[in-house]
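Reading through the structure tokens given below for one structure.
FYI, it's all coordinate maths here, none of it is from the lab. Fair warning: this is a prediction, and the values are worked out from it, not measured in the lab. Note that we place each Cβ from the backbone using ideal geometry, even for glycine, and neighbour counts take in every protein chain shown.
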Amino acid sequence: MGGRARAIVQHGVRDLRAGTFALPRIGDADALLRVEACGICGSDYEQYDGALRVPYPVIPGHEPVGVIEEIGEVAARRWSVARGERVAVEALLPCGHCPACVQGAYRLCRGGGGGPPVFGYRPTELAPGLWGGYATHMYLPEHALVHRMSKEIPAELAVLFNPLGAGLRWAVDLPRLSVGETIVILGPGQRGLASVIAAREAGAGCIIVTGLSRDERKLDLARTFGADHTIDVEREDLAARVREITSGAGADVVVDVTAYAVEAVTQAIDIARRGGRVVLAGTKGPAPVPGFLSDRVVTKELAILGAFGVDWRAYEAAVRLIESGRYPLEQMHTHTLPLAEAERGLELLAGRVTGEHAVHIALVPEGD
């Protein structure tokens, strides 16, 4: 098909520029998405800052929701979607052929096909270039994974399928959170708040969320979504407060979704009960964890689980949960910005804009 797509392209560390790309010709097994909105992930500003290395130039963005503009017959049958329908697109882009993919663990795909197996990380030099959600259009190759979604949901809220899917997998599925158990969520960002919702849906007996003094609004939101206790770690002793709440037992599950905060790793180990489960999902970059004592893991018989990405079941549950309207997700969404303000959006989410308190941000293509 003819026409061109507009996109925001990252050419280097903190270097974003507007660009245009030819719209690709669609065959039997692929599709073209007209992007309605793309959420800004915490890892996006790590990518912008250079802490998360990607091949340049690249179109960022791996939380898109949009409408199928063109689709081949094979793809339509495989995905059970038609032209004009709205879909949420999974962040991972598996090859479909490696051992991990054929065994059903596509989150661990080694990236067959010439680039990183994640939307927003593939360089534009790989045809057709439209591999990220910070654009008016995105290319969906054969092994992309999509979920049909109601058009009744505002696009800026629909993109919450990604953080909510992470909460469902990281706080519930991976640690096998059971009804009545106590969970501590370290960090009240998008995925921390999503973990609160997920834990409440799973029937957790006690939900505790931690944050900093500047996170007061986010901690208020955590209580709105179902947290039983919130802890300002700058004003309270985290370990002592968890011991008080749990009558000395500690938490059954601890989920760390903090970015860069390496001390959260040792905190998670300290506050988990003997025989508890710790999920490490917040990326720290190359920084080592000071004070890490492996004997604490051994003597407490802790299960330490790394969390990377989201799977089909969690994404599907997230989409249906958003469609249910059971939670006031509009209270989590704070900013809707045009593509041209992508850099401002990244600075907002990183907390570097004075007077602003961003929680969730969506980029929306304007004028198309």
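Which of the residues that make up region 20-56 are surrounded by fewer than 17 Cβ atoms within 10 Å (Cβ to Cβ), touching a strand residue (DSSP E or B) at 6+ places or on another chain (Cβ under 9 Å) and over 30 Å from residue 82 (Cβ atoms)?
Residues satisfying the conditions are 50, 55, 56.
Quick one: residue 133 ticks every box in (1) assigned to a helix (DSSP H, G or I); (2) of a type in the set (Gly, Ala, Ser); (3) buried (at least 19 other Cβ atoms within 10 Å of the Cβ) except a single one, so which number is it?
For residue 133, the failing item is (1).
Can you list the strands (runs of 3 or more DSSP E) lying wholly within region 13-92 that have 3 or more residues being β-branched (Val, Ile, Thr)?
Values: elements: 15-22, 31-39, 64-71, 86-89.
Qualifying strands (runs of 3 or more DSSP E): 64-71.
Could you say whether any residue in region 284-302 is part of a helix (DSSP H, G or I), under 18 Å from residue 211 (Cβ atoms) and not polar (S, T, N, Q)?
Within region 284-302, the first condition is being part of a helix (DSSP H, G or I), and the residues that meet it are 294-300.
Those still in the list that are under 18 Å from residue 211 (Cβ atoms) too: none.
Checked against the condition, which is being part of a helix (DSSP H, G or I), under 18 Å from residue 211 (Cβ atoms) and not polar (S, T, N, Q), region 284-302 yields no hits at all.
Quick one: count up the residues across region 207-232 that are closer than 20 Å to residue 171 by Cα, in contact with a helix residue (DSSP H, G or I) (Cβ under 7 Å, 6 or more places away or on another chain) and free of Cβ contacts under 8 Å to residues at least 60 places away in the same chain.
The number of residues fulfilling the criteria is 11.
Can you tell me which condition residue 235 does not meet? The list is (1) farther than 27 Å from residue 45 by Cβ; (2) in a loop (DSSP other than H, G, I, E, B); (3) free of Cβ contacts under 8 Å to residues at least 24 places away in the same chain; (4) not β-branched (Val, Ile, Thr), and all the others hold.
(1)
Are any residues in region 238-252 in a helix (DSSP H, G or I) and either in contact with a helix residue (DSSP H, G or I) (Cβ under 7 Å, 6 or more places away or on another chain) or surrounded by 14 or more Cβ atoms within 10 Å (Cβ to Cβ) (or both), and if so, which ones?
Of region 238-252, the ones in a helix (DSSP H, G or I) are 238-245.
Those that are in a helix (DSSP H, G or I) and either in contact with a helix residue (DSSP H, G or I) (Cβ under 7 Å, 6 or more places away or on another chain) or surrounded by 14 or more Cβ atoms within 10 Å (Cβ to Cβ) (or both): 238, 239, 241, 242, 243, 245.
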